[in-house]
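Okay, so here's the structure we're looking at.
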């Protein structure tokens, strides 16, 4: 059973407009997780899972081309300003510990990491990562206040065997998955995260960290979607989910990836079935591979269907996905597009307050109340800028004197009265 302070449960329940008992039941059966490491001092805990609002994550982090802590903190500020629910530090260059601690210290939202990245960087060679190094770094992340960690436990001899027997167009696109496949094949040893899963559980339980079981075999193009390697890994994650729950550790399941539109709903339902209702975290998904430069739109299209079908947590995709590093505007656009998808999904799922938000917007539009429309907008900053370009108080700027709302307010409303 997952243990969580009553005050934290009440806080999450209040923000979700549900009873604390609803959150407690979700924690008990594993359909809801609460992110909030007690060592992350300024964090606002959030709930992810069944019956509550779909959450949005923004990835930030350094690379060899840019390893500025200051720039990552600016990206964090932009992501939080655009109302991302969480961020993940995916840094691979610079002083990784210093970067991580700076992000955690500055972040009011839960922070996730992928510890295997740091293990590979510190080892200097992926093949030379030791098991002790991997678990020491995982514990370091937990001690620093990381709220959730991606761990690719389902990449093992079994899932690699499926990959070998059923070749793909793009093989493996998960960075963590590729790291572990290289390590396993070079050392002819089982994945330490799978082999010593109990050690991982002990660390997670000790520090109150949620495990996000990574999809190392996620498809990198729609031609590879829903294949045997992906499903084999998912079956393994389902087995590990049960072990984690018995140990009192919170678990999130990560999913694809690039998936044709007609396969997205089936992917969500399959994952929910195999992993017994665990919260499902998806990257996109992207239903086409050709929209480079506009993949925030592609991700929003796939993310809407995924959320409506039961996905609980959407990772943003930025316009620069597949092309280069995101700048500040890319981060903002990625968060906004993904929030649109999450909200559209929440309306379908009947999340409390979701449809009411739209109803209030409709009423503001009917009354030509521009200030209220901007206030209710998912992106008020952009809405205000657009309206002020062609500001008009009594009619909409597109229709002018032919504004349908103005005509109906002047003619049909008096007729009703």
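With respect to residue 406, determine if the residue is surrounded by 13 or more Cβ atoms within 10 Å (Cβ to Cβ) and more than 15 Å from residue 307 (Cβ to Cβ). It is true that residue 406 is surrounded by 13 or more Cβ atoms within 10 Å (Cβ to Cβ) and more than 15 Å from residue 307 (Cβ to Cβ). Report yes if residue 401 is surrounded by 15 or more Cβ atoms within 10 Å (Cβ to Cβ), assigned to a helix (DSSP H, G or I) and free of Cβ contacts under 8 Å to residues at least 60 places away in the same chain, otherwise no. So residue 401 fails the test.
Out of 346, 330, one residue alone is within 29 Å of residue 91 (Cα to Cα) and surrounded by 12 or more Cβ atoms within 10 Å (Cβ to Cβ). It is 330.
As a summary of the residue check, residue 393 satisfies the conditions (1) surrounded by fewer than 14 Cβ atoms within 10 Å (Cβ to Cβ); (2) at pLDDT 95 or above; (3) touching a helix residue (DSSP H, G or I) at 6+ places or on another chain (Cβ under 8 Å) except for the one numbered (2). Any residue that is more than 24 Å from the chain's Cα centre (by Cα) and modelled with pLDDT of 95 or more - is there at least one of those in the stretch 136-145? The answer is yes; a qualifying residue exists.
For the stretch 270-292, state whether one or more residues are crowded, with 23+ Cβ neighbours inside 10 Å and in a helix (DSSP H, G or I). Within the stretch 270-292, one or more residues are crowded, with 23+ Cβ neighbours inside 10 Å and in a helix (DSSP H, G or I). Among the candidates 216, 208, single out the residue that is surrounded by 20 or more Cβ atoms within 10 Å (Cβ to Cβ) and at positive phi. None of the others qualify; the one that does is 208. When 241, 338, 304, 298 are screened for being out of contact with any helix residue (DSSP H, G or I) (no Cβ under 9 Å at 6 or more places or on another chain) and crowded, with 17+ Cβ neighbours inside 10 Å, only 298 passes. Per the conditions (1) free of Cβ contacts under 8 Å to residues at least 40 places away in the same chain; (2) within 31 Å of the chain's Cα centre (by Cα); (3) not in a helix (DSSP H, G or I), the sole criterion not satisfied by residue 391 is (2). All conditions but one from (1) assigned to a loop (DSSP other than H, G, I, E, B); (2) touching a strand residue (DSSP E or B) at 6+ places or on another chain (Cβ under 8 Å) apply to residue 352; the one that does not is (2). Under 9 Å between Cβ atoms, which residue pairs at least 6 apart in sequence (or on different chains) link something in the stretch 122-149 that is under 19 Å from residue 112 (Cα atoms) with a partner that is at pLDDT below 95 and part of a helix (DSSP H, G or I)? If the second residue must be at pLDDT below 95 and part of a helix (DSSP H, G or I), no pairs are left.
Among the residues of the stretch 100-114, the ones that are surrounded by fewer than 23 Cβ atoms within 10 Å (Cβ to Cβ) and in contact with a helix residue (DSSP H, G or I) (Cβ under 6 Å, 6 or more places away or on another chain) come to 2 in all.
When 164, 205 are checked against the criterion of being in a helix (DSSP H, G or I), under 22 Å from residue 280 (Cα atoms) and assigned by TED's automatic domain parsing to the domain that holds residue 270, a single residue qualifies: 205.
Okay, residues lined up against (1) surrounded by fewer than 19 Cβ atoms within 10 Å (Cβ to Cβ); (2) in the same structural domain as residue 130 (by TED's automatic domain parsing); (3) in a helix (DSSP H, G or I):
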residue	(1), (2), (3)
182	yes, yes, yes
237	no, yes, yes
248	yes, yes, no
253	no, yes, no
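Just a yes or no: is a residue in the stretch 365-374 under 19 Å from residue 83 (Cα atoms), outside any helix (DSSP H, G or I) and without any contact (Cβ under 8 Å) to a residue 24 or more places away in the chain? No, the stretch 365-374 has no match at all.
The values are calculated or read from the model by the stated rules, or taken from the named source; none is laboratory data. Being a predicted model, the structure only gives us computed values, none of them experimental. Note: ideal-geometry Cβ built from the backbone for every residue, glycine included; neighbour counts use all protein chains shown.
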